[in-house]
Structure formats: C-alpha cells, structure tokens
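All of the numbers you see were taken from the coordinates with simple rules; none came from a lab. Remember, it's a predicted structure, so these values are computed and weren't measured experimentally. Positions of Cβ are backbone-derived with ideal geometry, glycine not excepted, and every protein chain shown enters the neighbour counts.
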Amino acid sequence: MPPFSPRPIPTFRTLRTHLVAPSLKHVEDVHAYSCDPEFCRFIASPSERSLSDTASFLTGIIEDNAAGRRIYWAVKDIATQKIVGLMGLIFEADCSGDIEIGYGLAREHWGTGLFQECLNEILTFAFFELELSEVVAITIATNVASVRGIEKIGFLFERSIENYYMIEGTKEAAARLVMSRETFAASAANAINC
C-alpha cells in the first residue's frame, strides 16, 4: 500500500524554478540533460538511449505519481522555461519502507545551489504537509558532490551500503543519509534567524 494518497501534484516556486507535475510534454528537455554521459556516470541508466526510452521513463514517474508510489516534480528553470531536472519523494516498498528523495539535475546546474533550493521546498512539503517524520537519501558513495549537497541541507550520514548499485557492470557502494523533521525544522528556524 503506497503511503501517499493519490493527489494532484502541488506546484511550488523557488527563486529560480517552478516545481511542476511531470508531463510527457517535458520528454525532450528530460532527454536532453539525461543523456549527458557525465550525468549518467552516477546513475544506473545508460547515457545512450532513445527519446522513446526517456518517454517510457517519464511515463513511469507519471504513473507512480498517480498511484501514490511517488510524489515527483519536474524542475522548470524560470529563465529558460526548460525542464532541467526531476526531484521528489519515493516510497521504497521493496526495500525498507523508507521515504527516499530522488533527484537528477542537468549538469549546468550542478554546484549552483539549485539542488538545495528545490530540495528545501520538497522537504518543507514532506515534513509539514505530509507530516513525515524522516526522509532518507541514498546516493553512490563516490559521488562526493551529491553527498555534500545532501549534507549541506542538513542530512546526516548514517551508513555505507556495499554493492547497492550496479553501474556499467560494476557494483558500487551507496551512502545512506537521513533527515528528521526535527532536524529540518531546526535548520529552517536557524535560517530565518540569520
């Protein structure tokens, strides 16, 4: 049973983005950034795929949103009006029952703070609208920039998980990080007081 009741995906605005419900009209934008070999270096997906493969992937996200297995957003860059990423919450029913953040941003937005900007909105929704008590992040341990980005927003390293990912035929370890509602609320209060 999915933890999210099927619902319309709310739209959020950050300083530089709109977080909107994914749609098949976004397929070309998603395809453009997700076929970048550098982007694919840290995900279990080949960089060489067809537009039809990307449409199937996006259809899966849309179907999971409708069924309550995910709450995912397309990240729309206000300046360019292009979709530059996908981010959201995933119910990990086949593993531990955790609610995990999932994310991918176009390479030109790495290191710009856009990830934290969008994730802050998603976590605000997760903790204060959905009233989740905890959200986890699992990423390839060698993706140091991803681990740092997650830690910057307040996730705490919990443990390594050996042989978690299969990337280009090689088993890779994952880093598991955790954020509690209390930790997020405290960091939000500190940001307001600064």
Inset, instruction - Under a 10 Å cutoff between Cα atoms, tell me which one of Ile122, Ile78, Ile153 has the largest fluctuation in the Gaussian network model of the chain. - result: Ile78
Inset, instruction - Quick one: grab Rg to one decimal and Dmax as a whole number for the stretch 12-193, Cα atoms only, in Å. - result: 15.8, 48
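State the extension gain, in nm to one decimal, for the chain segment bounded by Thr170 and Asp98, taking 0.36 nm per residue of separation less the distance between their alpha-carbons.
Computed gain between Thr170 and Asp98 is 23.4 nm.
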Legend entry - Summed side-chain charge close to Glu63 - residues other than Glu63 whose Cβ falls under 10 Å, Lys, Arg +1, Asp, Glu -1: +1
Legend entry - Computed label-point distance, nm, for sites Glu63 and Arg181 using a 7 Å Cα→Cβ extension: 3.3
Legend entry - Contact order normalised by residue count of the stretch 12-193, Cα under 8 Å, 6+ apart, percent: 18
Legend entry - Cut-off 18 Å (backbone N to label point 7 Å along Cα→Cβ of Lys25), residues of the stretch 64-92: 73-86
Legend entry - Simple spin-label estimate for Leu156 and Phe12 in nanometres, 7 Å along Cα-Cβ: 2.2
Legend entry - Extreme residue, positive dipole direction of the chain, given options Ile78, Ala106, Ala175 (C-beta unit charges): Ile78
